[in-house]
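What follows is one structure encoded as C-alpha cells, with my remarks underneath.
The values are calculated or read from the model by the stated rules, or taken from the named source; none is laboratory data. What you are looking at is a predicted structure, and each value in this text was computed from that prediction instead of being measured. Reconstructed Cβ throughout: ideal geometry from the backbone, glycine too, with neighbour counts over all protein chains shown. Accessible surface is based on the protein model in full, side chains and every heavy atom, while ligands, DNA and RNA are left aside. Shrake-Rupley method; radii C 1.70, N 1.55, O 1.52, S 1.80 Å.
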Amino acid sequence: MTEIFTGSFTQQEPIPEEAIDAAMAVLRHGRLHRYNVVPGELGETALLEQEFAAQMGAKYCLAVSSGGYALATALRAVGVQPGDPVLTNAFTLAPVPGSIASVGARPVFVGVTENLTIDLDDLEAKLDQARVLMLSHMRGHLCDMDRLMQMCDTAGVAVIEDCAHTMGAAWRGQLSGRQGAIGCYSCQTYKHVNSGEGGLLITDDEVIAAKATMLSGSYMLYERHLAAPGPEVFEKIKYTTPNVSGRMDNLRAAILRPQLRDLDRQVQRWNERYDEIATGLRDTPGLTIVERPEQETYVGSSIQFLLLDWTPERIAEVIRRCGARGVEIKWFGGAEPTGFTSRYDSWRYAESTPLPASDRILAGVMDMRVPLTFSLDDCRLIARIIRAEVRAVFQS
Ligand SMILES: Cc1ncc(COP(=O)(O)O)c(C=O)c1O
C-alpha cells in the first residue's frame with residue numbers, strides 16, 4: 001500500500017492561551033500604540049524589549065514591525081548610504097537583498113557552500129568591496145562564526161546578522177545574533193515565534209540602538225523604552241535621524257512575550273522532528289544530508305537536503321512524486337521563483353555576477369518546512385516517502 005501524508009506544511013500551532021489572555025487585555029484597554037500608556041504603566045512592547053534583551057544577553061533591544069524592517073533599520077543605523085555596496089549571501093530569501101535595496105544600497109552577493117552557509121573564501125576575496133556584511137543565517141545554517149568574525153573584524157567590516165531562521169540557535173554556546181554588531185529577528189508566522197508580523201533588533205552599541213529607536217518612529221518618547229540607551233545618547237542623534245515609522249504595537253508584543261519564554265522548549269521539539277527526518281533520509285543513494293557542525297546548536301524548523309548534480313527534470317520528478325503523496329518540497333533550482341523561493345539572479349533590480357560553484361549547489365537544494373504540528377510519526381512517514389521517491393527516480 002502506498003503511504004500518503006495528509007498533514008499541512010503550513011499549519012502552525014495555536015497561539016498559547018496565556019498569550020491570548022494578554023492580547024485580550026490589550027484589546028480591552030484599547031491602548032495598542034506602544035507609546036499610549038497611562039502614568040506608571042509599562043507597555044507590552046517596552047516589556048517585550050526588556051525581556052528579549054535579557055534573554056539574549058544584549059544591552060539594547062528594539063521591537064519593530066517586521067524582520068525586513070529590522071534589517072533595513074540596521075543598515076541605516078550603521079550609516080549605509082544610497083549607492084553603498086553591502087555584502088550578503090547569494091543563498092537567502094528576497095527580504096534580505098530587498099532590505100539593502102530599500103536603503104538605495106547595492107547587494108554584493110557571496111557564494112554558498114554545500115553546508116548551505118556563506119562561502120568564507122569567497123567572502124574573504126570580496127571583503128575589501130564593502131564596509132558592511134548582512135549575514136543571512138539562511139534556513140538556520142550557521143557558518144564558522146569564529147572565522148567569519150575574525151575576518152570581518154580584521155577588515156573593519158560591520159556584521160549585521162539576519163537571524164530570521166536562527167532565533168534560539170547558537171554557535172559554540174553563544175546565541176545567534178550576538179556575534180555581529182546587530183542581530184535581527186523575525187516574528188512572522190513562519191518563524192520561531194508567531195505574531196503574524198513583527199521583528200526584533202538587538203545590539204550592544206548605544207548609538208546604533210538610539211538611531212534604530214529614532215528611525216522606528218519614537219518621536220521624542222524614547223524615554224518610555226526599557227531596553228534603550230539613556231537620554232544623553234539620544235541627545236546626540238535625535239535631530240539628525242529621520243523617522244521611518246515601523247514600530248511594533250502592544251497587541252503583537254503581548255502575543256510574543258509568553259512565546260519567547262517558551263522558546264527553549266519549542267527548539268527542543270523542533271529538533272526532535274528534524275532529527276527524525278534527517279535520520280530517515282540519511283544514506284539514501286543520490287541524496288546528500290546537510291550535516292550540522294558540532295559547534296552549532298540548531299533549530300530544526302525546516303530541513304534541507306541536496307540532490308547534487310541531478311538534472312532539473314529528475315529533480316522536478318522527485319518533487320512531483322513527493323507532492324502526489326502529500327509531501328511539499330521547495331526547490332531553489334527552479335527556473336522561476338515560486339512561493340517563498342528565489343535565487344540571487346531572480347533579483348533583477350540588483351546586479352549580480354554569476355557564481356558557478358553556488359549555482360551548482362542551488363540547483364540541487366531541496367527545502368521543507370517542519371511545523372510543530374507534525375508528530376514524530378508524521379516525520380518518520382515523510383522521511384519514508386521522500387526516501388522511496390528519491391530512490392525510485394535515482395534508480396530509473
Ligand atoms: C532569511 C529571511 N530573512 C529575513 C526575513 C524577513 O522577515 P519578515 O517577513 O518578518 O520581514 C525573512 C522572512 O521570510 C527571511 O526568510
Looking at this structure, is residue 86 within 16 Å of the ligand (Cβ to nearest atom) and of a type in the set (Val, Ile, Thr)?
-> yes
Exercise. Just wondering, is there one or more residues in the stretch 341-354 that are within 22 Å of residue 167 (Cα to Cα), in contact (Cβ under 8 Å) with a residue 12 or more places away in the chain and open to solvent by 50 Å² or more (accessible area, probe 1.4 Å)?
Worked result: no
In the stretch 335-351, is there at least one residue being farther than 30 Å from residue 129 by Cα and not β-branched (Val, Ile, Thr)? yes
Can you spot a residue in the stretch 314-330 that is open to solvent by 80 Å² or more (accessible area, probe 1.4 Å) and at pLDDT below 95?
no
Filtering the stretch 113-130 down to residues that are surrounded by fewer than 21 Cβ atoms within 10 Å (Cβ to Cβ) and without any contact (Cβ under 8 Å) to a residue 40 or more places away in the chain yields 120, 121, 124, 125, 126, 128
In the stretch 354-396, anything touching a Leu at 6+ places or on another chain (Cβ under 6 Å) and modelled with pLDDT under 95 is listed as none
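Residue by residue through the stretch 146-175, note down the ones that are among the hydrophobic types (A, V, I, L, M, F, W, C), without any contact (Cβ under 8 Å) to a residue 60 or more places away in the chain and open to solvent by less than 10 Å² (accessible area, probe 1.4 Å). So that I can check it myself, show each step before the final result.
Initially, the stretch 146-175 is screened for residues among the hydrophobic types (A, V, I, L, M, F, W, C), giving 148-149, 151-152, 155, 157-160, 163-164, 167, 169-171, 175.
Retained after the next criterion (residues that are without any contact (Cβ under 8 Å) to a residue 60 or more places away in the chain): 148-149, 151-152, 155, 159, 163.
Across the stretch 146-175, the qualifying residues are 148, 152, 159, 163.
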Flagged pairs (Cβ under 8 angstrom, 6 or more apart or on separate chains; first in the stretch 18-37, closer than 19 Å to residue 258 by Cα; second open to solvent by 70 Å² or more (accessible area, probe 1.4 Å) and modelled with pLDDT of 95 or more) are 34/224
Checked the stretch 355-374 for anything out of contact with any strand residue (DSSP E or B) (no Cβ under 6 Å at 6 or more places or on another chain) and open to solvent by 50 Å² or more (accessible area, probe 1.4 Å); matches are 356, 357, 360, 373
Result of the Cβ filter at 7 Å on the stretch 183-197, keeping first residues that are among the aliphatic types (A, V, I, L, M) and partners that are near the ligand (Cβ under 10 Å from one of its atoms), at least 6 apart or interchain, is 193/187
